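A.B. asks: I'd like to ask some things about the structure below.
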Amino acid sequence: APSPASFNGIPLLAQLPQLPQLPGTDTKRAPLDSFKIAIAQHVNQTLGIDVEKAIEGVGPGKVGDFTVAVPRFRLPGKPNDLAEKAAKEFQPNEWLEAVENKGAFLHYTLNSETLKKITLQTIHVMTHGFGAPRNDEGKPLPSYGSNRNGEGKRIIVEFSSPNIAKPFHAGHLRSTIIGAYLANLYRANAWEVKKVNYLGDWGKQFGLLAVGWKLFGDDKKLEEDAVNHLFEVYVKVNQLASEEGKGEKIHDEARAYFKGMEDGDEECLGYWRKFRELSIKKYIEVYDRLNIQFDVYSGESQVTKANLEKAMSQLRETDFVSREENGALLADLTKYKLEKCVIERKDGTPLYITRDIAEAAQRWEAFGGFDKMIYVVASQQDLHLGQFFKVLELMGYPWAQKEAGKLVHVNFGMILGMSTRRGTVVFLDHILDETADKMHDVMRANAEKYAQVEDPERTADIVGMTAVKIQDMSGKRINNYNFDWSRMLSFEGDTGPYLQYNHVRLCSVERKVKDADGLELPTESLDFESIKTELITEPKARELVLLLASWPDVVKTACKDHQPSTVVTYCFRLTHLVSSCWEFLLVKGQERDLALARLWLFRCCKDVLGSALKLLTITPLERM
Ligand code: ARG
């Protein structure tokens, strides 16, 4: 069997006692898996439980590092006696230092030397090379924390999904932030991910917009900033359309126009196409600023007529759909506590929900199936999502059956009090501009530091984006939160700038030690054996190593709970712990071996914090 202590041929700790390989564990990537196996082995040897069963009982410990509750195995005899027996028969080895039994619980302490070595080596190897995946330039991608759980599985993550000519509101912002994070997260869990933006890019409003365009449109403005200009036009034409007398005529024109679009009239479609293309161009710019990209710009317009027809004719045959007296087609979902919903207007045209139904089936075809499809949409649309998932299920699609668990709605609460100095209608780019400006002011307040920042504009922008994202992802998704400029932009408290500050500080310790003591820690060719990790003896440092070692487990948990706060909370635990270590884990001016060992620990903290930030779609800064 391959030694669990080697990674792609690089011996990590060749001299360690061999461990059995267990399904669901990956000792190359998750340092704690080895220790869990060692514990399971001890439980197996002393209590006769299968190792594979035993490992399921190994959980985080309040007393030791890991705890096993003996009663869960339902063995004959008193659990307390069994625990005592197991503890008595314990022999320390290079994996486990000690076990203590308290009542029916077994509290294990991991061997500190092995813990330090294996954790730091795994982080180093996974981050800086050897077997790590590489980007286009051949640089290793930080991948400590990633796993192979989702290998061979495909997921579609639909998120952001703004409406053309309407404001990009807070709900779209949250969907964008959370969706991009989920896409990264699934990728870190080895899923093949497709990121889809489902634009609101079809409907009667485009008829109105075309009428408005002829009156108020400006080609130059459209080129520069389609999103804001189209909204301007839309507001003006709506005003006109609500005027007495004039209004009716405008509505008639708009209706005729949209009918032309529906019928495929090229002239009518021409405007719409231009509006759509230039809006997407502007969206791409703004998303880029947030470090977010999409694989597909889909949208309501992209649901084909044929697929809509197909869905409608299937639906007409089902027993939960019936024709109302007024001619509309109604799906009755009251049995499922999902009310009733119209799926076809009396004039035969489809609705928002009709398109979602047809689009889901269309995606299944276009992507050649999927193992999961996540919709990141505000909780205001819980009913809508519930309804169309249920309709798809009742239509009999195997992939839409509840038990299959493939269709997932990831919902979230509202942002309260988000407005800019320009007014109450908020546009994403205005929010981002204002964030960057305010961040810039905060940075300028420290003149000395500010003078050293190389590219203040860019730095302020990145720290500002970090602030917005961390504020959004700190709490449980479902909670509403207040958009609070001064709190989120502060360097103190659990904020985005605080995380960036900590990353920068971890980077600067290496620079300072190099300047002051000429000491450098190699990256690609680091000789692990030469670093004396036994010199790291402080209990807090051990706590830090244990926290670093748990990062791959956090990534797995995060993929199950779909809570960005799982990762954000980890970042704060890590940075708080690092902060509390600076005063006694000195590096500068220390004896060489000690300095190198500590430097390696801090390097690993930087690497893990960096990976966590990247997972959250945030670019970690090296200076600021
Ligand atoms: N464009 C919609 C809105 O702004 C959001 C779309 C959500 N996704 C979906 N498949 N319905 O409300």
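The values are calculated or read from the model by the stated rules, or taken from the named source; none is laboratory data. A quick note: this is a predicted structure, and the numbers were derived from the prediction, not measured. Neighbour counts run over all protein chains shown; Cβ positions are idealised from the backbone, glycine included. The area values use the complete protein model at the heavy-atom level, side chains included, leaving out ligands, DNA and RNA. Shrake-Rupley method; radii C 1.70, N 1.55, O 1.52, S 1.80 Å.
A.B. asks: Any chance you could look up the accessible area of Tyr450 with a 1.4 Å probe, heavy atoms only, rounded to 10 Å²?
C.D. replies: Its heavy atoms expose roughly 50 Å² to the probe.
A.B. asks: Which value, to two decimals, describes the C-alpha radius of gyration of the stretch 185-227 once divided by 2.2 N^0.38 Å?
C.D. replies: 1.94
A.B. asks: Please give the charge dipole size of the stretch 428-615, origin at the Cα centre, charges +1 on K and R Cβ atoms and -1 on D and E Cβ atoms. Round to the nearest 20 debye.
C.D. replies: Around 520 debye, computed over the stretch 428-615.
A.B. asks: Further question: Can you pull the three principal axis extents for the Cα set of the stretch 6-110, in Å, largest first?
C.D. replies: Principal-axis extents of the stretch 6-110 (Cα, largest first): 46, 24, 23 Å.
A.B. asks: Going Cα to Cα from Lys588, which lysines come in below 26 Å? Please leave out same-chain ones fewer than 8 positions away.
C.D. replies: In chain and number order, the partners are Lys116, Lys117, Lys449, Lys512, Lys514, Lys532, Lys540, Lys606.
A.B. asks: With the Cα gyration tensor of the stretch 428-615 in hand, give its eigenvalues times 5 under a square root as the equivalent ellipsoid semi-axes, listed largest first in whole angstrom.
C.D. replies: That gives 31, 22, 13 Å for the three semi-axes.
A.B. asks: Mind checking which lysines have their C-alpha under 30 Å from Lys246, skipping anything on the same chain fewer than 8 residues away?
C.D. replies: Output for Lys246: Lys166, Lys204, Lys214, Lys220, Lys221, Lys236, Lys259, Lys274, Lys346.
A.B. asks: May I have the count of lysine pairs in the stretch 6-110 with C-alpha atoms under 20 Å apart, counting pairs 8 or more residues apart or located on different chains?
C.D. replies: Taking the stretch 6-110 as the scope, the lysine pair count is 13.
A.B. asks: Expressed in whole Å with the largest first, what are the equivalent ellipsoid semi-axes of the stretch 554-624 derived from the C-alpha gyration tensor as the square root of 5 times each eigenvalue?
C.D. replies: Semi-axis lengths for the stretch 554-624 are 28, 12, 11 Å.
A.B. asks: Pick out, from Gln239, Ile536, Leu596, the residue whose Cα sits farthest towards the positive end of the charge dipole of the chain, with +1 on the Cβ of Lys and Arg and -1 on the Cβ of Asp and Glu.
C.D. replies: Ile536
A.B. asks: Could you calculate the FRET efficiency of Asp517 with Arg444 from 1/(1 + (r/R0)^6), where r is the beta carbon distance between them and R0 is 22 Å, rounded to 0.05?
C.D. replies: Efficiency, rounded to the nearest 0.05: 0.10.
A.B. asks: Can I ask one more? Which order do you get for Thr109, Thr617 if you rank them by accessible area with a 1.4 Å probe, largest at the top?
C.D. replies: Largest accessible area first, the list is Thr109, Thr617.
A.B. asks: Probe 1.4 Å, all protein chains in place: accessible area of Cys605 in Å², nearest 10?
C.D. replies: 0
A.B. asks: A further question on this structure: How many Å² of accessible area per residue for the chain, probe 1.4 Å?
C.D. replies: 45
A.B. asks: Please compute the length gained on full extension between Lys236 and Lys85, using 0.36 nm multiplied by the number of residues separating them and subtracting their Cα-Cα distance.
C.D. replies: 46.2 nm
A.B. asks: Something else: For the chain, what is the Kirkwood estimate of the hydrodynamic radius, computed as the reciprocal of the mean inverse distance between distinct Cα atoms, to one decimal in Å?
C.D. replies: 27.7
A.B. asks: Put +1 on the Cβ of every Lys and Arg and -1 on every Asp and Glu Cβ in the stretch 428-615; which of Asn502, Ala612, Leu519 then has its Cα farthest towards the positive end of the dipole?
C.D. replies: The residue sitting farthest along the positive end of the dipole is Ala612.
A.B. asks: While we're on this one: By how many degrees, 0 to 90 and rounded to 10, does the Cα axis of helix 428-444 deviate from the longest principal axis of the chain?
C.D. replies: Approximately 40 degrees, to the nearest 10.
A.B. asks: Evaluate the relative contact order of the chain (contact order divided by residue number), counting alpha-carbon pairs under 8 angstrom at least 6 apart; express in whole percent.
C.D. replies: This gives 14 percent for the chain.
A.B. asks: Turning to a different aspect of this structure: Computing the accessible area with a 1.4 Å probe over protein heavy atoms, can you report the carbon and sulfur percentage for the chain?
C.D. replies: 50
A.B. asks: Working with all protein chains in place, sort Met261, Met624 by solvent-accessible area computed with a 1.4 Å probe, largest first.
C.D. replies: Sorted descending by solvent-accessible area, the residues read Met624, Met261.
A.B. asks: Give me the one-decimal nm value for the distance between modelled label points at Lys102 and Thr304, 7 Å along each residue's Cα-to-Cβ direction.
C.D. replies: Spacing of the two 7 Å Cα→Cβ label points: 6.5 nm.
A.B. asks: Another one. About its Cα centre, how strong a charge dipole does the stretch 527-616 have in debye, to the nearest 20, once Lys and Arg get +1 and Asp and Glu get -1 at the Cβ?
C.D. replies: Dipole about the Cα centre, nearest 20: 280 debye.
A.B. asks: Can you give me the long-range amide H partners of Val410? Hydrogens built in the peptide plane at 1.01 Å from N, cutoff under 5 Å, separation of 5 or more residues or another chain.
C.D. replies: Tyr375, Val376, Val377
A.B. asks: Residues of the stretch 550-564 with the amide nitrogen closer than 17 Å to a label point 7 Å from the Cα of Ser379, along Cα-to-Cβ, please.
C.D. replies: Output list for this probe position: 561-564.
A.B. asks: Provide the gained length on full extension for the span Ser313 to Ala328, in nm with one decimal, where the gain is 0.36 nm per separating residue minus the Cα-Cα distance.
C.D. replies: Length gained between Ser313 and Ala328: 4.0 nm.
A.B. asks: For Arg255 and Ile478, what is the calculated FRET efficiency with R₀ set at 60 Å and r taken between the beta-carbons, to the nearest 0.05?
C.D. replies: 0.90
A.B. asks: Tally the DSSP beta bridges in the chain and give the antiparallel ones as a percent, rounded to 5.
C.D. replies: 55
A.B. asks: Heads up, I need the accessible area for Ile462: 1.4 angstrom probe, whole protein in place, Å², nearest 10.
C.D. replies: 30
A.B. asks: Find the all-direction average of the projected area of the Cα convex hull for the stretch 270-399, expressing the result in square nanometres with one decimal place.
C.D. replies: 10.0
A.B. asks: List the residues, sorted by chain then number, that are 5 or more residues from Gly299 or on another chain and whose placed amide H is less than 5 Å from its amide H.
C.D. replies: Leu199
A.B. asks: OK, next. Evaluate E = 1/(1 + (r/R0)^6) for Leu586 and Glu529, where r is the Cβ-Cβ distance and R0 equals 25 Å; express this FRET efficiency to the nearest 0.05.
C.D. replies: 0.55
A.B. asks: Quick check for me: using +1 on Lys/Arg Cβ and -1 on Asp/Glu Cβ, what's the dipole size of the chain about its Cα centre, in debye to the nearest 20?
C.D. replies: The dipole magnitude comes to about 1020 debye.
A.B. asks: Considering the options Ser298, Ala311, Val286, tell which one lies farthest towards the positive end of the dipole of the stretch 263-322, charges being +1 on Lys and Arg and -1 on Asp and Glu at the Cβ, about the Cα centre.
C.D. replies: Val286
A.B. asks: Still on this structure: Whole-Hz Karplus ³J(HN,Hα) for the stretch 100-111, in order, using 6.51 cos²θ - 1.76 cosθ + 1.60 and θ = phi - 60°, x for Gly and Pro?
C.D. replies: My calculation for the stretch 100-111 gives 10, 9, 10, x, 8, 9, 10, 9, 9, 10, 6, 5 Hz in order.
A.B. asks: Same structure, new question: For labels at Lys346 and Glu267 in the simple 7 Å Cα→Cβ model, what's the distance in nm?
C.D. replies: Going from the Lys346 label point to the Glu267 one covers 3.2 nm.
A.B. asks: If the label point is 7 Å along Cα→Cβ of Glu113, which residues in the stretch 18-44 have backbone nitrogen under 13 Å from it?
C.D. replies: No residue qualifies, since no backbone N sits under 13 Å from the label point.
A.B. asks: Another one. Quick check for you: which residues of the stretch 358-374 have the amide N under 16 Å from the point 7 Å beyond the Cα of Glu192 toward its beta carbon?
C.D. replies: So the set is 363-373.
A.B. asks: Contour minus end-to-end for Glu151 and Glu538, with contour as 0.36 nm per residue of separation and end-to-end as the Cα-Cα distance?
C.D. replies: 135.4 nm
A.B. asks: What is the distance in Å between the Cα centres of the stretch 193-209 and the stretch 286-331?
C.D. replies: 12
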